[in-house]
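The values are calculated or read from the model by the stated rules, or taken from the named source; none is laboratory data. Since the structure is predicted, the reported quantities are computational estimates derived from the model, not experimental observations. Quick reminder, even Gly has a Cβ in these numbers, built from the backbone with ideal geometry, and neighbours come from all protein chains shown. Accessible surface is based on the protein model in full, side chains and every heavy atom, while ligands, DNA and RNA are left aside. Shrake-Rupley method; radii C 1.70, N 1.55, O 1.52, S 1.80 Å.
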Amino acid sequence: MELWPCLAAALLLLLLLVQLSRAAEFYAKVALYCALCFTVSAVASLVCLLRHGGRTVENMSIIGWFVRSFKYFYGLRFEVRDPRRLQEARPCVIVSNHQSILDMMGLMEVLPERCVQIAKRELLFLGPVGLIMYLGGVFFINRQRSSTAMTVMADLGERMVRENVPIVPVVYSSFSSFYNTKKKFFTSGTVTVQVLEAIPTSGLTAADVPALVDTCHRAMRTTFLHISKTPQENGATAGSGVQPAQ
C-alpha cells in the first residue's frame, strides 16, 4: 500500500476524532503546542545565532516575538493591565503565578528587555527548546540537587536585599474557563495579565524575607481571585493558580 493514501486516511481519521471527541481535540491542541515549541525554538535559535552570534540576554526579545505568535493559533487574547509598572521599577525581581504550560505566553506579553530568567536544568536537554533557552541567557538550576538550587536562590536573595531591588508581582487570571486538563477541553479565551505595584525591599534584612514572601503571596492571591471569573464559573478556589513560577 502506498504511503500517501495511508497518511491521508490517518489525517482524516484524526480530524474526525477531533470533531467527535473533546478529549481528542484537547490532546491534539496540546500536541500542536508542543510541536510549535520545538519548531519555533529551532527557527528562533537560527535567527538568534545569525543576529547575535551566541548566548546573550539580548536574544530574549527575539524569543518573545516568536512565543507571542502562539496565541493566534489558539484564539487567545491577553489583556495586559498596568504594564508601565515594569518599566518604572527597573531593575526588579518579577514573580508570577504558575498554572500550566500556557504560562510562557503570558510572561512573554510583559517581559521587559534584558530580563534574565531561571529555569530547571532538565529543560536544557529538550533539544531545540533547551538550545533557545540557553541562547536566551536563561540560568539553569538543578532542582534534584537542593544544595545547588538553594545556593542560587540564596545568592539572589542576598543580592535583592543588598541592592534593595523591588519585587513586581505579575498575575495571570485563571485559565480554567478555556483550558482544563481534568475535563480535557482547550478552547479560545481571554487572559488578564495584571502587573501589580512594586513591593519595596529597601531597609529589609534576611530576617524579613518570610514576611515579604507572605505579603507578595497574599497580594497575588487577592488579585488572582479579583481578575478571574467567580469560583462557580471556572472552578477557581482560594489560592488556585497562585503557585511559584518555575
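Things worth noting here:
- Any helices (runs of 4 or more DSSP H) falling wholly within region 62-130 and containing at least 1 residues that are more than 14 Å from the chain's Cα centre (by Cα): 70-74, 84-88
- Flag if Glu122 is in contact with a Lys or Arg (Cβ under 9 Å, 6 or more places away or on another chain) and exposed (fewer than 14 other Cβ atoms within 10 Å of the Cβ): yes
- Hey, Tyr72 modelled with pLDDT under 90 and open to solvent by 60 Å² or more (accessible area, probe 1.4 Å) or not: no
- Every residue from region 21-39 that is touching a residue at least 40 places away in the same chain (Cβ under 8 Å), closer than 21 Å to Asp103 by Cα and either open to solvent by less than 20 Å² (accessible area, probe 1.4 Å) or of a type in the set (A, V, I, L, M) (or both): Phe26, Val30, Leu32, Tyr33
- Given (1) among the polar types (S, T, N, Q); (2) part of a helix (DSSP H, G or I); (3) at pLDDT below 70; (4) under 29 Å from Phe78 (Cα atoms), number of the condition Thr148 does not satisfy: (4)
- Test: residue in region 97-109 that is touching a Phe, Trp or Tyr at 6+ places or on another chain (Cβ under 7 Å), among the β-branched types (Val, Ile, Thr) and touching a residue at least 24 places away in the same chain (Cβ under 8 Å): yes
- Members of region 40-59 that are in contact with a Pro (Cβ under 9 Å, 6 or more places away or on another chain) and surrounded by fewer than 16 Cβ atoms within 10 Å (Cβ to Cβ): Ala42, Val43
- Count of residues meeting criterion [in a helix (DSSP H, G or I), closer than 18 Å to Ile94 by Cβ and hydrophobic (A, V, I, L, M, F, W, C)] in region 190-230: 8
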